[in-house]
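These notes are about the structure you will find just below.
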């Protein structure tokens, strides 16, 4: 199992539950994104075999927000990887032992730790402990963190804590996050869902995001 590399800087969040629509989007844009993120809605609607079906052709991140005791975390992670997942998104609030259980069961797949979510309500409780979660990510040497594009300054803040760990950022598009600013503030990859899969021209939307990512990366280098 190889680690996920964010060469293009774009992840498709495939939250479309209708199988035919979902696979149509995958077939159109799959080779132009770094990974396809599958959350519980599409897996529960179509069965876990959809992980395998998509992973046979493209990198898959299972966004299961794994957050249980170590034994269960290990079972969830190892099963997802056996089905073909190249990455797993986990929560850190159950403690280091629970995150380590995911890492020990990943068999080379990438582990991404949520430090702060993109919805407004996440700041109510999550923000109180997000710095500690970011430091946990560094201590445990996970592959990356999840930080919100809806609060650009937070991406820059977390970059200062996690150093070279990858940062993937949800909230671009439908939630109002700015793609270019997210990259400029330190994100390695955008997580984009509805703006792509609800569009009548999904490939056009993908190309627009890819252009924004490239432009922002070039500005960061200068």
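Read-outs: derived from the displayed coordinates by stated rules, not from any lab. This structure is a prediction, so every number in the text was calculated from the model and none was measured. Glycine also receives a Cβ, built like all others from the backbone with ideal geometry; neighbour counts cover every protein chain displayed.
Figures for the structure shown
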| read-out | value |
| --- | --- |
| Highest-first arrangement of 19-25, 104-110, where packing means the average Cβ count within 10 Å | 104-110, 19-25 |
| Estimated distance in nm for a label pair at residue 24 and residue 138, the labels positioned 7 Å out from Cα along Cα-to-Cβ | 4.7 nm |
| Viscosity 1.567 mPa s, temperature 4 °C, Stokes-Einstein D of region 10-221 from Kirkwood C-alpha radius, µm²/s | 76 µm²/s |
| Euclidean distance between Cα centres, region 31-82 to region 199-222, Å | 26 Å |
| Label-point separation, residue 31 to residue 45 (7 Å along Cα→Cβ), nm | 2.6 nm |
| Sum of -39500 (n - 2.57) over DSSP H runs of 4+, divided by residues of the chain (222 nm, nearest 500) | -13500 deg cm²/dmol |
